[in-house]
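The values are calculated or read from the model by the stated rules, or taken from the named source; none is laboratory data. Note that this is a predicted model, so its numbers are computed, not measured. We place every Cβ from the backbone using ideal geometry, glycine too, and count neighbours over all the protein chains shown. Note: accessible area is taken over every heavy atom of the protein model, side chains too, but ligands, DNA and RNA are not part of it. Shrake-Rupley method; radii C 1.70, N 1.55, O 1.52, S 1.80 Å.
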Amino acid sequence: MELVAALTINEKDSLVGQLVQPDWYFNPRLSGDTLPWIISEQEINASIYPDHIWIKDLTLVEYNPPVNPSGSTIN
Amino acid sequence: MRKNIDKRTWGVLGKMKTYYSPQKQVEGKSKTPLNANAFDSWDVKRSRFKRIDGYENKVPPNVQQMDGINESSSSPIPVSPTPTPSFTPTSTSTPTPSITPSSTPIIDCYWDTNNDNWENDSTLWNDCVNVPTPTPSPTNTMTPTNTMTPTNTNTSTPTPTPSITPSTSFVSGTTEAETYLAAVLAGGGTGLTSTISGATITMFRDIMANNLWDKLDIFYPMLGGNSGGMKVNGRNPGTNDLTFNGGWTFSNSGATGNGTNAYAETGYADTNTLLNDYHQAIYSFVRNSNGNIDCGVGSASANTRSAMYVNELTTFGASAHRANSGYISSTYTANTGAGLYVVDRPLSNSEKSFTNGSFSTSAATASTSRTSNTYVFGARRIDNQVTEAYNNRGYCWYSIGKSLSDSQQSTLSSIINTFQTTLNRNTY
């Protein structure tokens, strides 16, 4: 179980290509389930730049990342 | 130049020649041998000859300058032995200084009455009296210019900042390791103790010493405890350094993905690899189960896949430039998902996999093609630079390069695991 925060499309767009820390970028992704775009707890906690201070206020929710492909059926 | 040599006048002792002053030859006066007294030394004989133009005071005589007239337009007369030492620098740590003979060689020359010219006879070196054999002079021994100061090999220096710039290579791998460590520090990496620095230098040296350096196109030892330190490509810092994306956790053990959106981008395209001479390796320090992909690249359009996964505690799947479907897989009863995993393609019809340096499995699968997509780990890269199948394992080594023989697999595994053991992040 992972903790993630949901993003609106505009929030997602504002983070794409932006640094969490040097040599480390945000990677918003579609959740694949009922949530829209998400970023991870690790990105939120590690973010050091003032422009992105707002993500510290996002609500974290539990998330089960999909296993794809999985097991012996990996393709 | 040596014609009619038998017409020359010889001295009374042995093969001593008779030497005449050219001035007296020109003036047509009687010939007075310079070495009339056969017991005189060679130096004494030479001292009796005095050039009227003072030429001998300008430069030491040599064959071309001997008559001061037209020899400059002629070919040099070879003089043997030529006392010009050559300096061939060695590639080892002990430079070999060259030696300059202490004395200027005396060139055996005489006035040839048949040619009215100075002649040289290199065959008479050993016939002359007092002609010294060029010998090394201690006073002229060159000071080695490439003497190296011993480097900080696994000692107490906490900061591995390179302290020297060698003019030639000495212990292979040391310079490369120090360059790498400096790049880790420059990138913001921390915690590089003397133990870590020493282990890194040892690892680089061992890779070099075992001829594995050229087998590694890119590799990441993953030091520094953060993204800035772990990004550095050990093979060529500053080129194909990693960029991390998504949810990573960094520590001295390495980088751990979250299985949700974390991956590390190498920027190294599959087309940079060789189709049938290839390996990809990853060292995971985390024992866990995950059904996703640890590393690799694939392409539906190019119908190729080069990737690895270690999942469900029992299966290790691998592919190397094969069709974009399936893997060769090994089943273990006690696979922990941790350790060094390698997929290798040595031939167009062979794929092999190795775990912790030991052979796992192989298959006679044909190679297909390569893709322009770039390699990632923590997930896999597919067409249109889409990243998918995020993994949640922790990594402390990643490399891509050329095929390794079974023995090279074992050697590289030992080198990497020794490095990881010193850093307390080994799993076997």
Next on the checklist: For a quick check: with amide H placed at 1.01 Å from N, whose amide H comes under 5 Å from B:T315's, ignoring anything fewer than 5 positions away on the same chain?
Outcome noted: B:Y332
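Looking only at other chains, what is the average number of their beta-carbon atoms within 10 angstrom of each beta-carbon in A:38-48? Mind showing how you got there, number by number?
Values: counts 3, 4, 11, 4, 11, 8, 1, 2, 7, 0, 0.
Other-chain Cβ atoms within 10 Å of each residue's Cβ, averaged: 5.
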Next on the checklist: Residues of segment A:1-37 that become at least 30 Å² less accessible with every protein chain present than in their own chain isolated, using 1.4 Å: which are they?
Outcome noted: A:E2, A:D23, A:W24, A:Y25, A:N27, A:R29
Next on the checklist: A 20 angstrom limit on the alpha carbon distance is what I want to check against. Which of B:K352/B:K402; A:K12/A:K56; A:K12/B:K231 exceed it?
Outcome noted: A:K12/B:K231
Checklist entry - Efficiency by 1/(1 + (r/R0)^6): what FRET value for B:N349 and A:T59, r their Cβ-Cβ distance, R0 = 51 Å, to the nearest 0.05? => result 0.40
Checklist entry - Hey, rough spin-label estimate for B:N303 and A:T34, points 7 angstrom out along Cα→Cβ, what's it come to in nanometres? => result 4.4 nm
Next on the checklist: Take B:S194 and B:S407, extend 7 Å from each Cα along the Cα→Cβ direction, and tell me the distance between the two endpoints in nm.
Outcome noted: 3.7 nm
Checklist entry - Amide H to amide H under 5 Å from B:K402: which residues, 5+ apart in sequence or cross-chain, H placed 1.01 Å off N in plane? => result B:L216, B:D217, B:H279
Next on the checklist: If you take each beta carbon of peptide B:239-245 and count the beta carbons of other chains within 10 angstrom, what is the mean?
Outcome noted: 3
Checklist outcome for this item: Taking every residue of B:253-259, the Cβ atoms of other protein chains inside 10 Å of its Cβ average out to 3
Checklist entry - To the nearest 10 square angstrom, what accessible area does A:I44 show with a 1.4 Å probe? => result 10 Å²
Checklist outcome for this item: The ³J(HN,Hα) series, computed from each phi in segment B:204-214 with the Karplus coefficients 6.51, -1.76 and 1.60 at θ = phi - 60°, rounded to the nearest Hz and given as x for glycine or proline, is 4, 4, 5, 4, 5, 4, 9, 6, 9, 4, 6
Checklist outcome for this item: Checking rank on B:260-269, B:201-210, with mean other Cβ inside 10 Å and highest first, the result is B:260-269, B:201-210
Next on the checklist: If you take every residue apart from A:N45 with its C-beta less than 15 Å away from the C-beta of A:N45, what net charge results, scoring Lys and Arg +1 and Asp and Glu -1?
Outcome noted: -3
Checklist entry - Once you list every other residue whose beta carbon is under 15 Å from the beta carbon of B:V343, what net charge do they have if Lys and Arg are +1 and Asp and Glu are -1? => result +1
Checklist entry - Under a 1.4 Å probe, what is the accessible area of segment A:2-63 per residue, stated in Å²? => result 52 Å²
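Percent relative contact order of chain A, based on C-alpha pairs within less than 8 angstrom and at least six residues apart?
Normalised by residue count, the contact order of chain A is 40 percent.
Need one number: buried accessible surface between chains B and A, 1.4 Å probe, both sides summed, DNA, RNA and ligands left out, in Å² to 100.
It comes to approximately 1900 Å² buried between B and A.
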